[in-house]
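Single-structure report; data block below.
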Amino acid sequence: MTSPTFTRVASVTASTKRPPAISSGKAGVPVTNLASIKCTRLVLADDAKELRETYQLGTLTNILQCFTQGDLDILTGDVLAIGSAEYPIRLVQSWPFGDDVRKRLILEGLKR
């Protein structure tokens, strides 16, 4: 079920990339997995301090979050691409919201 409110808020078009299976001991370049998905704009994660400690991330990164609608095939380790910017996905959480299924993506972005 798609919420009309969420559809208005999810104004960012993104895609995900996933690394292919390791072959001959070498990892390949990530390739597009999902294209033209809608998500909310990226914002700093509410629980950034806890996430930074859990994943032992340095201080040169921002911990960002966004939400997607539906039960999409997005996994930890994928990369979220918005335009030419790419953000490693550190955590994917199911986020129940009434009758809707949403996913919260925790991303790592370099501070500029």
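Every number in this text was worked out from the coordinates using simple rules, so none of it is lab data. It should be emphasised that the depicted structure is a prediction, and the values quoted were computed from it without experimental measurement. We place every Cβ from the backbone using ideal geometry, glycine too, and count neighbours over all the protein chains shown.
So for the pair TRP95, VAL9, with labels modelled 7 Å out along Cα→Cβ, what separation do we get in nm?
0.7 nm
For the stretch 4-110, compute the number of Lys pairs whose alpha carbons are separated by less than 26 Å, excluding pairs fewer than 8 positions apart on the same chain.
Going through the stretch 4-110 pair by pair, I get 5.
Counting other C-beta atoms within 10 Å, and keeping those with at most 13, which DSSP coil chymotrypsin sites (Phe, Trp or Tyr not before Pro) do you find in the stretch 4-108?
TYR55
Please state, to two decimals, what the Cα-based radius of gyration of the stretch 4-110 comes to when divided by 2.2 N^0.38 Å (N = residues).
Its radius of gyration relative to the 2.2 N^0.38 Å reference: 1.09.
Using Cβ contacts closer than 10 Å as the measure, can you line up ILE63, ILE82 from fewest to most?
Going from least to most buried by this count: ILE82, ILE63.
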